[in-house]
Structures are given as C-alpha cells and as structure tokens.
Amino acid sequence: MWLNIKSFEEYKDVYRQSEEDRKKFWEHEAGTFYWRESWDKVHSGGFENGDIKWFEGGKLNITENALDRHLNTIGHKTAFIFEPNHPDSFRRTITYRQLYEDVCRFANVLESKGVEKGDRVCIYMAMTPELIISALACARIGAVHSIVFAGFSAQSLAERIQDCDAKMLITNDGLRRGDKHVPLKDISDEALEECPTVKNVIVCQRTNRDIDWVEGRDEWWHMLIRNASKKHTAVEMDAEDPLFILYTSGSTGKPKGVLHTCGGYMVYTSYTFRNVFQVSEEDIYWCTADAGWITGHSYIIYGPLFNGATGIIFEGVPTYPDAGRFWEVVEKYEVTHFYTAPTAIRALMSYDLDFVKKYDLSSLKVLGSVGEPINEEAWHWYHDHVGGGKCPIVDTWWQTETGGIMISPLAGITPTKPGFATLPLPGITPVLMDENGKEIGGNGVSGNLCIKHPWPGIARTVWGDHERYLQTYMSSYKGYYFTGDGCRRDEEGYYRITGRVDDVLNVSGHRLGTAEIENAIDEHPNVVETAIVGYPHDIKGESIFAFIICEDQPKNKEDFKKEIHKLVTKIIGPIAKPEKIQIVAGLPKTRSGKIMRRVLRKIAANDLENLGDTSTLLDPSVVDEIKEGEAF
Ligand code: WT7
C-alpha cells in the first residue's frame, strides 16, 4: 500500500500516515526485504541519548538483498554499465549475475586474507566496477568498508586508515581523471608508512604504470581472484551491525568517521531511491557522483541495486575530452534519469550551448540535483537545455549523516519550484528552530534546520568517538537532530536550504571544515595564524578565502601562495586550496578569543557596508586594517 507513491494526493496521504505511526510505516517498508530472521523491535532510542536503533535483532546480509534476491528474476539484467574516463577506452556491462559472482569471488579472497566480520577495510580506488565489487564484498563478509575518495592526499588517507585501524587497503596502480594521472599506489605507499595496522594491500590494475611493490604485503587483484570460487555464503549480520564508515568534515577538528549500520540504511536508501526518482524496470539511471562520497554509496551502489535498477559507473569528468561529455554519454546509453551536482551544471553552463545541442537527450525523463543549493539560473538552464523543458528536477537535500535523501520532490509528482528542495519525504519531520532553541511554527519563516524524530538511515555514531556524535548533532537542540543548515519555509510550506550555519564550507559540492584547512596552512613556517571563510563563487558555489598572519612579510606573494597551495594539497587534497589569500596583521577576535568569522565572510564577499556589530571585538581597529588590505 505504501510502496510506490504515484500522485501528489497519495504523497500527502502517506506523509500523514507516516506521522501518525512512524514505526508501522517503516516496518512495512522493511517487510519488503529478505531477512534471515525478523527483528524483535522496530525502533528504540532517540536523540536525547543518541542511542538510535532500528529493526534490532533482525538478521540479514545486505548483499543478499542487493544481489542474491535478484538472481532468479533479473539475473541477466544489466546492473552496471561502465563508462571509462576516455570515451575510446574499454567499456563493459555487468549483469546482476556477473556482479553477484564477482562479489562472491572477491569476498572469498578477502576471507582468505584473514579479513573477518567487524574488521575495517579501506578502499582508495578509481571509479570502476572493482570499487563497487570491493565495497559489496566487504559487506558480504561483514567487514566494515571505509571508502576514501581518490582525490585525497597521502596524509588524509593515512589519517582515515589510522582512525579506524583498517586491516587492509584496496587500491589501484593509478587512475586517470580527465587529462590528469593520479598515482594511487605511490600515494598509498606513502600513507602506509604511518599505518602499521594494514597487513595486506590488494592492487587492481588500471593504468599499467610502474609501481613499487612490497613483497608479502602487496598482491594483484587479478591474481587473487583467478582461482576464487564464485560462490560464497554471506555472513549473517544484525540489523544494527556496522556496514560502513565514511569520513566527512565538521566545523572543528579532524574529519569524523560517520558510521552507518546494515538494516536501517538498507530500508532507507531503498525507499528513498524508488520514490524520489521513480525509476522503472527498463530505465537507465546515471548518478555522476564518485563512490567516495555518500551520494555514491547510497545512490550508485546500494539504493539502485536493492531496486534492481540499471546504473552507470562513470570514471570521468564533465569536461573531458570536452564539455559535451555528459551529454554524449546520455545519448549513447539513452539515459532516462540523470543525477548530478549544481557545480557541474554551472561549470557546463559557461561553455557554448552547442555542446548540449549536439546530442539527442530525448531519452531523459528525470533530472536530479544534490550537494549544495542550486541557484535559479542553473536550475533553468538544466531544466530548459538538458531536460528540454519536460523533465522534473528533483532537488534532493540530505547529508552524509542522514544516509539518504530527506527533503526532495518525488519526480513528476511533487510540484517543483526553482531553488527549493520542496517537501520532506514520508517519515521525515523537519523543523525550524529560533535562536532560543524553540520550534518556529507556521509558514513564511526561517531558522536552523533540525529533524524531530529518528529515521532508519541516520548515522548511529562517529567511529571511536560517540561523545563527538552527541556533541555535533544532538546537543545544540536537546531532543532534536541538528543538520548544521539554515532553511526557509515559504508561504506554501516549501523548504529552501540556504546553506551551512556552522564553520563548514561547501566548495563545488565538497564539504570542507575551516579548522582542517587552517591547521594545514598553520604548518607553513612563516604562518602564525590563519582564518578560513567561504565566499560566493559563480561556479564552485563557494570558494575559499584565507586571512593569514605571517611571521615575516613574504618577499614574493605569488610564491607564498604557491607554497600554501602545495601544503594544503599535501595535507588535505587539491580541493582545499584557498583561491584567495590576504595577509593581515591581526584577526578580528572576541574577548573570549573566538574569531568573528561573520565579519571576515563579509569582507571576503566584498560586502564592506554590512559588517554588522563589531563592538564586542577585542580590537575593532583590526577590521579597518583588513578592509584596506588586498587579496591575491
Ligand atoms: C551538506 C551535506 C548529500 C549528498 C552530498 C553532500 C548541502 C546537500 C543540498 C541541496 C542545498 C544541500 C547542505 C548539507 N546540501 N544537498 N539539495 N540543497 N544544500 O553531502 O558532504 O554530507 O554535505 O550539503 O549544506 O548539510 P555532505
């Protein structure tokens, strides 16, 4: 009765029912999966104590629901089409049965290397089918996968491996992204110098370049799977057993290992995928994300596989070999559902429209957007030129921590409005909070976005630091989950996400913490202190501005900037490089020593008239000095 919402009336009806009895609603959805044993309790715990559980006592293996369950019905259906970085390279399709066999083979390999239920395995790979096979093989044997985006530096990789004490690393010799080559094995070797817990490294061949080899530690993927059996009995998991860790930036300290568990994540990603995208059997669904981010986890790997969809694994970038790459792929595979980030749309908008017009995009039925607010101009360009004016756009708001989509139109069902994520999915209760921590009722209001009741897909903890989990999400508003986002609810009750209200930046849809970047820059011998803020950027959405206090005035500013870029690239990765730097004598600090970032944000945005109240600053004159300075 609740499985597939087909009309706006039905949506409203189902939403109301879900509010009346949340447990019944999610229990019904959970009942559509294959469980080896049913749960004892649908749900327990809450935001007060941060002890949320769903389907506790239920026994399952998530890969039996993604793969085994489909073998007799759609075993010959294509699960994935692999589109390589270069359009002329080898492409292939993988059926559900082949994927199942590949996952079983690799699960046997992992077990033969001594990986056991509960062990952590780090995956640092190119966006190829083997990345997905690796993750699913972990899930099959009950190991916890931790995928690290293959754009992060050796130091970031090492930090993540150390944080979760991973036992094994799976990587490639290298990868090509656009015209760039990334030496993944070299980077891994460097990272592993600091990671004594990693006993085995499995290397999957991709670029065939020369690499160093550590005997006894490193082994080739293709050698290991050669004799592995294509049958594997999945390990039984409890619904609340860990499935994966994914690191994401917060406003303070090092990245957090967000932990998702098996049962609730399965139910939530499956339900949201089906209802938001309205994918049907013969559709071709393409999410352009990398599996190194949550979007890839939930809406390339898990959500689509539970539903037996055909997805595309894309190794490339939007502008290589040229700015028509996305549309060439859409035409080639007759893609029906296309899900990307506003930053990609804005980047492509800056090229000649002929790159779009050249291709037949008539197969498209639904367009999706994720990762950051989509501005109206980009929304219209996407709608008119890509969707030919006929495809609904689903602007999906969610987070690494939410596991799946939370506020979004249902494609073709919810009336859309440019810039609005529109309405919450059934089972989700968004609320806006005022500065006194009280819920703001009614419409035509703005506040900080919280969620009132737990849902199955919410992260259960921060790996190794439950206190930080409670502190970050459950302490700002007692009894609520705090998202870190600001939000407006318009006269019609539609939600529009206005952006982060904490010290988290969103650069080209990538989440970065100001503290992380500051700490990296502070490593420079000539740097005394740094303050990072974001400022509006036409393509990236937000770009990085660094205010730096130097020990000695750098002799050559351009050289200094290069050094800072090199340092940040080494410590975090190239995405965290500040676009603008200004050397300052002091930073605006309150009497308690906190940097007043709102003032710096205004200066970075060149909005010098509206700096707001600066009377609580320890030394208001620093602001005048900064205003007069120049960025480079
Ligand atoms: C933050 C979460 C969810 C997958 C990718 C990002 C921003 C995300 C939207 C949207 C406006 C959005 C929020 C959120 N965000 N989607 N549709 N409209 N803002 O996951 O890296 O965990 O980042 O991305 O600020 O808090 P993430």
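The values are calculated or read from the model by the stated rules, or taken from the named source; none is laboratory data. Note that the structure is a prediction, hence the values are computed from the model and not measured. Backbone-built Cβ (ideal geometry, glycine too); neighbour counts: all protein chains shown. With ligands, DNA and RNA removed, areas are computed over all heavy atoms of the protein, side chains included. Shrake-Rupley method; radii C 1.70, N 1.55, O 1.52, S 1.80 Å.
For chymotrypsin sites (Phe, Trp or Tyr not before Pro), no site in region 361-412 is both called loop by DSSP and has at most 14 other Cβ atoms within 10 Å.
When DSSP assigns beta bridges and you keep just the ones with both residues in region 233-362, what percent turn out antiparallel, to the nearest 5? That works out to approximately 55 percent antiparallel. Note: relative contact order over region 1-60, using C-alpha pairs below 8 Å and six or more positions apart, is 27 percent. Under the criterion of Cα pairs below 8 Å and six or more residues apart, the relative contact order for region 366-484 equals 18 percent. Among the trypsin sites (Lys or Arg not before Pro) in region 500-566, those placed in a DSSP loop whose Cβ has at most 14 other Cβ atoms within 10 Å are Lys555. Each Lys and Arg contributes +1 and each Asp and Glu -1, all at the Cβ; summed about the Cα centre of region 397-482, the dipole is approximately 160 debye. In region 431-499, inverting the average of 1/r over every pair of distinct C-alpha atoms gives 12.8 Å as the Kirkwood radius. Pair-distance distribution of the chain: all C-alpha pairs, bin width 20 Å, starting at 0; shares per bin in whole percent are 19, 55, 25, 1. Across region 581-595, coupling constants 3J(HN,Hα) worked out from phi with the 6.51/-1.76/1.60 Karplus curve, θ = phi - 60°, read 10, 10, 8, 10, 8, x, 10, x, 10, 7, 4, 8, x, 7, 6 Hz, and Gly and Pro carry x. In this structure, the amide hydrogen of Ala79, modeled 1.01 Å from its nitrogen in the peptide plane, lies closer than 5 angstrom to those of Ile94, Thr95, Tyr96, counting only residues at least 5 positions away or on a different chain. Each label point was placed 7 Å from the Cα along the Cα-to-Cβ direction; for Glu609 and Lys566 their separation is 4.3 nm. When the listed pairs Lys77/Lys185; Lys24/Lys59; Lys167/Lys580 are checked against a 28 Å cut-off, the alpha-carbon distance exceeds it for Lys77/Lys185; Lys167/Lys580. With the charge dipole of region 53-157 set up from +1 on Lys and Arg Cβ and -1 on Asp and Glu Cβ about the Cα centre, the Cα lying farthest toward the positive end among the listed residues Ile132, Thr78, Phe149 is that of Thr78. Evaluated with a Cβ-only charge set (Lys, Arg +1; Asp, Glu -1), the chain carries a dipole of roughly 960 debye about its Cα centre, given to the nearest 20.
Here's the picture: charge each Lys and Arg Cβ at +1 and each Asp and Glu Cβ at -1 in region 36-138, and of Phe106, Ser38, Ile123 the one pushed furthest to the positive end of that dipole is Phe106. The helix-only estimate of mean residue ellipticity at 222 nm for the chain, built from DSSP H runs of length n ≥ 4 each weighted as -39500 (n - 2.57), is -8000 deg cm²/dmol after division by the residue total. Note on Glu20 and Asp522: the model spin-label points, each 7 Å out from Cα along the C-beta direction, lie 5.5 nm apart.
Ligands, DNA and RNA are left out, and with a 1.4 angstrom probe the accessible area of the chain is 38 Å² per residue. Just check region 29-97 against the gyration tensor rule for me: Cα atoms, a ≥ b ≥ c as the square roots of the eigenvalues, rounded for a/c under 1.5, and otherwise prolate or oblate depending on whether a/b exceeds b/c. Oblate, since a/c reaches 1.5 and b/c is not below a/b. Anisotropy class assigned to region 229-321 is oblate, per the alpha carbon gyration tensor with a/c at or over the 1.5 cut-off and a/b no larger than b/c. Ligands, DNA and RNA left out, the 1.4 Å accessible surface of the chain is 47% carbon and sulfur atoms. Pull out a ≥ b ≥ c, the square roots of the eigenvalues of the alpha-carbon gyration tensor of region 307-428, then state rounded if a/c is under 1.5, prolate if not and a/b is larger than b/c, and oblate in the remaining case. Because a/c hits 1.5 or more and a/b exceeds b/c, region 307-428 counts as prolate. For region 14-97, chymotrypsin sites (Phe, Trp or Tyr not before Pro) are listed when DSSP marks them as loop and at most 13 other Cβ atoms sit within 10 Å of their Cβ; the list is Tyr34, Phe90.
For the chain, the relative contact order works out to 12 percent when only alpha carbon pairs closer than 8 Å and six or more residues apart are counted.
Packing, as the average of other Cβ atoms within 10 Å across residues, places the peptides 580-588, 237-245 in the order 237-245, 580-588, highest first. Put a plus charge on the Cβ of each Lys and Arg, a minus charge on the Cβ of each Asp and Glu, and nothing anywhere else: the dipole of region 502-558 about its Cα centre is then about 240 debye.
Please figure out what share of the DSSP beta bridges in the chain is antiparallel and state it in percent, rounded to the nearest 5. Among the beta bridges of the chain, antiparallel pairing accounts for roughly 60 percent. With each label modelled as a point 7 angstrom along the Cα→C-beta vector, the Lys254-Gln162 pair spans 0.5 nm.
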